Amino acid sequence: MNGALIQDLALILVVAGISTVLFKRLKQPIVLGYIVAGFLVGPHFGYFPTIVNEANIDVWAELGIIFLMFSLGLEFSFKKLMNVGGSAAVTAMVIIVGMMTTGYFAGRLMGFPFISSLFLGGMLSMSSTTIIIKALTDLNLRHRKFAPQVLAVLIVEDLVAVILMVVLSSIAINKSVEGEQLLSSIFKLVFFLVLWFVVGVYLIPSFLRRQHRFFTNELLLVFSVGMCFLMVMASTYAGFSTALGAFVMGSILAGTSEAERIGKVVAPVKDLFGAVFFISVGMMVDPHIISTYTVPICILSVVVIVGMIVFGTFGMLITGQSLRIALESGFSLTQIGEFSFIIASLGQSLGVIDANIYPIIVSVSVITTFFTPYFIRMSDPFSRWMEKKVPARFMEFLSRYSMTASSNETEVHAIWKQVAKRSLWRVLLYSVILVTIIFLSSQYLYPFLISSMGNTWGQILAAALSLMVMVPCLLALCYPSMKKWEREKLQLSVSSNMPFFAMRLVRILIAFGFLLAFLLITSTHAVAVTVAMALFLFVAIYFSKSVNRHVRRIESQFMENLNERELRRSGKNNNLVSDMHLAYISVGYNCPFVGEKLSSSQIGKNLGVNVVSIQRGEQLIAIPTSSTRIFPGDTLGVIGTDEQIHSLLSIVEGSAEEASRTENVDLRFTSLRLSGTSPIIGRPIAELELRKRYSVMLVSVEHPDGTYETPSADTVLSEGDTVWLAGDKNKVKALI
């Protein structure tokens, strides 16, 4: 075993433990403790033992990024990303364009050449996903309303960063943007995301559902981490970041019924490697660099903080968010991170940026990271202050604009929008599948069969096998993407069937284009055109109905897997008789009957549902008795109608946002001797309202003779008594 690695880990983890305890006692964010610990054990601080091999720490830090992004994906499924995707995309583009422009002009003003200033703008436009995740988690704000918006913006930024690096490379090498290279990069990114989304959603939830009874926490941890690393390898092989691959796999697993368990078993691993990542950030702090480039570092730090707040807030406002959410989002984005280093490294490898930029950017990143938790914490009081100071007319305008942006559409417009979205997704999904089939066939199947069976028979067999796989996807492209009732309603709003015919014709032409492309790649042009037309007509006429049923079954399975977590939660995929469903609901910490017996909760009496099982960790309580208690984290198996289950969901799961607002309490147990002037002497304890007024509990009363009394509501306190109190340290001080 590598002794240096163990020595380095022992050093950084012990120092980090001591540092974070100190910061916790000072009520400061833990991430700052990690950064300080990294500085202390780093190579730039000579008064403390230093790590031996930085390369080993870099590997562990990379694992930290992977697990942090994987955990983010577990809480941020593709479906949730799509729900906030429009707003996030607009906000991300406003930030990127605004910060790139600001960063470019800042670079020019500081004397950097054109290309260095352009790269500098790219570095300043990317907030750090991992740092913000950690800060929001430490501050217990992950469930606040603005948090999903911020995380969606960060994900979009990470995707745009891949394209941005291609653009910057093209400008650096060719002095212009190569359109073909840019389109190729965008296509490659979309292809990667959609392909793994389709494959993952179709296969993984089905596997987990069938093998559910065998998955202990240990096996679930091994399986989920293995799948995460597999996707990281695929992402790296395709030319993308490890963080993107980890997020994609987390998002796929987020839709499964095991998502909560996976999140719990992965959490300790994420915390360990995540700590190493933040320590590695602190290790990059170089006081010599900061003192040498103090002015540019301070200027760029101010540019990042002010620019991110302004552009982030503006981006959120134009997408219809309220002023408070917009400000909270803007204040959360006030730092740069790992993608800034990647862009800086790219510029250095191409030899096109000033040598001083990289150490300056590292210093700016550390400084802005250090202040990020404070700005996030400052966002709420600042937004409240702004709401009071902003003119009433402007607030009314924002309110009307927000209501207009989120207003309900007419039924017909909503149906058209839904049909168009469904058509687009169908074309996109099946196009990616068909491109994959054509690529695999031309690159692997054709060469293998031709070498094994000869040119003629090899081509015929390869074409036949490929077409057999392609036919269901081709026909799925041709089928209408609207339901019967949707078409009936839409026909009332149009004067002819031309829109429906046009939509169908476009899909048929796309399907024909794929078939023709396949045959052109694998055959001569004349044969390709003839065979394509013949096959298309033959399949469309004779096999469409049978293949249609097969395709519908595949699509149904895909949609069930995609919505498995929600369907399991509501019971809609588990119909028993008539309108009765079996649903599985997780008990939240704010559930009103946590800790009570089933008989005391009166779930059946008040809501009409029956609790048939309780899953508690690996223990399954089948048909629980009336004396069985309910605890946070339990999964209740309940039977009821749609209305009954819907009513139960809001009660049992509790309000996550309210839970996130709870304050950190320093609970103390202390005593107080009552003097003759004490105002609580001679009064019954019930009249004092200690719990209501001070959130303090009177635990025991010690009389002057040394005897103790457990107080009741009628107990009267006397001079010389010593009262023992339990409660928050600050509240006890106020009472004293």
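The values are calculated or read from the model by the stated rules, or taken from the named source; none is laboratory data. Computed from a predicted model, the values in this text were never measured in an experiment. Note that each Cβ is placed from the backbone with ideal geometry, even for glycine, and that neighbours are counted across all protein chains shown.
For the stretch 122-143, check the following and say yes or no: at least one residue is touching a residue at least 12 places away in the same chain (Cβ under 8 Å), of a type outside the set (A, V, I, L, M, F, W, C), surrounded by 21 or more Cβ atoms within 10 Å (Cβ to Cβ) and farther than 30 Å from Lys24 by Cα. Among the residues of the stretch 122-143, at least one is touching a residue at least 12 places away in the same chain (Cβ under 8 Å), of a type outside the set (A, V, I, L, M, F, W, C), surrounded by 21 or more Cβ atoms within 10 Å (Cβ to Cβ) and farther than 30 Å from Lys24 by Cα, which makes the answer yes.
Scanning the stretch 403-435 for residues that are over 19 Å from Gly86 (Cα atoms) and modelled with pLDDT under 75 turns up Thr410, Glu411, Val412. Within the option set Val310, Val303, Val295, Val281, being part of a helix (DSSP H, G or I), β-branched (Val, Ile, Thr) and crowded, with 23+ Cβ neighbours inside 10 Å holds for one residue only, Val281.
The stretch 578-647 holds strands (runs of 3 or more DSSP E) entirely within its bounds, and those carrying 2 or more residues that are hydroxyl-bearing (Ser, Thr, Tyr) and touching a strand residue (DSSP E or B) at 6+ places or on another chain (Cβ under 7 Å) map to 581-586.
Inspection of the stretch 154-177 identifies no residue that is farther than 30 Å from Ile299 by Cβ and of a type in the set (Lys, Arg). Residues considered: Gly46, Gly33. Of these, the only one that is crowded, with 23+ Cβ neighbours inside 10 Å and without any contact (Cβ under 8 Å) to a residue 40 or more places away in the chain is Gly33. The residues of the stretch 7-30 that are touching a residue at least 40 places away in the same chain (Cβ under 8 Å) and small (Gly, Ala, Ser) amount to a single one, Ala16.
For (1) modelled with pLDDT of 80 or more; (2) loosely packed, with under 15 Cβ neighbours inside 10 Å, each residue gets a yes or a no:
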site: Asn590; (1), (2): no, no
site: Phe593; (1), (2): no, no
site: Leu598; (1), (2): yes, no
site: Ser601; (1), (2): no, no
site: Val609; (1), (2): yes, no
site: Val612; (1), (2): yes, yes
site: Leu620; (1), (2): no, yes
site: Arg629; (1), (2): yes, no
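Comparison of Arg324, Arg393, Arg400 shows that the only residue that is farther than 27 Å from Ile65 by Cα, in a helix (DSSP H, G or I) and in contact (Cβ under 8 Å) with a residue 24 or more places away in the chain is Arg324. Scanning the stretch 96-121 for residues that are touching a residue at least 24 places away in the same chain (Cβ under 8 Å), touching a Phe, Trp or Tyr at 6+ places or on another chain (Cβ under 7 Å) and of a type in the set (Gly, Ala, Ser) gives a single hit, Gly98. The helices (runs of 4 or more DSSP H) falling completely within the stretch 445-539 that include 3 or more residues that are at pLDDT 75 or above map to 446-453, 455-478, 498-522.
Reported count of residues in the stretch 208-228, each being surrounded by 14 or more Cβ atoms within 10 Å (Cβ to Cβ) and either of a type outside the set (Phe, Trp, Tyr) or without any contact (Cβ under 8 Å) to a residue 40 or more places away in the chain (or both), is 9.
Can you tell me which residues in the stretch 345-356 are surrounded by fewer than 23 Cβ atoms within 10 Å (Cβ to Cβ) and assigned to a helix (DSSP H, G or I)? Correct list: Ser345, Leu346, Gln348, Ser349, Leu350.
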